[in-house]
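Q: Sending over a structure as structure tokens; questions will come in a sec.
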Amino acid sequence: MIGIIDYDAGNIKSVEKALYFLGEETVVSRDPEVLLKADKVILPGVGSFGEAMEHLHSYGLVSVIQEMINRDTPFLGICLGLQLLFESSEEAPGVEGLGILKGKIVKIPPSPGLKIPHMGWNSLHLQNNGRLFQGIPEETYVYFVHSYYLRAEEPEIVKAVADYSTCIHASVEKGNVFACQFHPEKSSRYGLKILENFAKLEEGC
């Protein structure tokens, strides 16, 4: 069973529907007991970094997420869920992220002819042999919606990048922790394949 963390962030339904399409059993919850029983967990979300961290704290989910990761439960952050896994964001100065991975979330720099937010399809350059990308072709197009991007501190955890005004760290993987800045649930056939790859992971991988 795949647990989807409900912390009042958007985009939960589309993730749930994509997993249902793949034949995966899911549960949407903020109950620690329910989430800790899940085989895998997804932290989805669209919205603001500061408000999201406030909700995670108010629902008592920060320690639950830490425990799941310490148990080696495969964990996937999507969009805002990726950003929350890191230490801080320029969107919310002074607000600490979960700090599970090292790096910062920064504003996409302006560039002539490019609109911010970065919204729409963009291609991925794959690197460092990410497990989420098994069977995914180089330069696959996926769907992004974001104004801030990850600058990871550890280059070896970056498994995919995209170019939009700057080099965007589009996906990371470290141990049992995975994250995508883009939306696999909105990225057609190959997005579903990425979710399927996550669903097939085993605990302690």
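The values are calculated or read from the model by the stated rules, or taken from the named source; none is laboratory data. As the structure is a prediction and not an experimental result, all values here were calculated from the model. When we count neighbours, we look across all protein chains shown, and the Cβ atoms used for this are built from the backbone with ideal geometry, even at glycine. Surface areas here come from the heavy atoms of the whole protein model, side chains and all, with no ligands, DNA or RNA. Shrake-Rupley method; radii C 1.70, N 1.55, O 1.52, S 1.80 Å.
Q: Hey, got the Cα dimensions of segment 22-137 along the principal axes, in Å, largest first?
A: Here the Cα extents, ordered largest to smallest, are 49, 40, 24 Å.
Q: Next up: Semi-axes of segment 86-205's equivalent ellipsoid from the Cα gyration tensor, sqrt of 5 times each eigenvalue, largest first, rounded to whole Å? Don't jump to the answer; show the numbers that get you there.
A: Values: eigenvalues 101, 72, 28 Å².
Calculated on Cα positions only, the semi-axes equal 22, 19, 12 Å.
Q: So, one more: What is the list of residues in segment 112-141 whose amide nitrogen lies under 18 Å from a point 7 angstrom out from the Cα of SER165, following Cα to Cβ?
A: 112-123
Q: Now a separate question. Lysine pairs in the chain with alpha-carbon atoms under 13 Å apart, 8 or more places apart or on different chains: how many are there?
A: Lysine pairs satisfying the spacing and distance rule in the chain number 6.
Q: May I ask you to rank VAL46, VAL177 by accessible area, largest first, using a 1.4 Å probe over the protein chains only? Numbers along the way, then the final one.
A: Working: VAL46 60, VAL177 5 Å².
Ranked from most to least accessible, the order is VAL46, VAL177.
Q: Want the number for VAL106 to GLU87: 0.36 nm per residue separation, take away the alpha-carbon distance, what's left? Show your work: numbers first, answer last.
A: Values: separation 19, 0.36 × 19 = 6.84 nm, distance 1.12 nm.
Full-extension gain reported as 5.7 nm.
Q: Next up: Could you give the nm distance between label points at GLU25 and ASN128, where each point is 7 Å from its Cα heading toward the beta carbon?
A: In this crude spin-label approximation the distance works out to 3.4 nm.
Q: Separate question: Bin width 10 Å, origin at 0, all Cα-Cα pairs of segment 111-168: what percent of pairs per bin?
A: Going out from 0 Å in 10 Å bins, segment 111-168 shows 21, 52, 25, 2 percent.
Q: Taking the Cβ-Cβ separation of LYS17 and SER147 as r and a Förster radius of 30 Å, what is the calculated FRET efficiency to the nearest 0.05? Numbers along the way, then the final one.
A: Details: r = 25 Å, r/R0 = 0.84.
Rounded to the nearest 0.05, the efficiency is 0.75.
Q: How large, in Å, is the chain by the Kirkwood hydrodynamic radius built from its alpha-carbon pairs? List each step's numbers first, then the result.
A: Values: mean 1/r = 0.0599 Å⁻¹.
16.7 Å is the Kirkwood radius here.
Q: Scanning the chain for helices, which whole DSSP H stretches are 30 Å or more long along the axis (Cα) and average 0.0 or more by Kyte-Doolittle?
A: Values: long enough: none.
Qualifying helices: none.
Q: Could I ask something else about it? Find how much the distance from LEU192 to LYS37 grows on full extension, using 0.36 nm per residue of separation minus their present alpha carbon separation; answer in nm with one decimal.
A: Values: separation 155, 0.36 × 155 = 55.80 nm, distance 2.41 nm.
Computed gain between LEU192 and LYS37 is 53.4 nm.
Q: Right, another one. Sorted by mean Cβ packing within 10 Å, highest first, what order do the peptides 63-70, 97-104 take?
A: Details: 63-70: 16.4, 97-104: 18.4.
Per-residue Cβ counts within 10 Å, averaged per peptide and sorted highest first, yield 97-104, 63-70.
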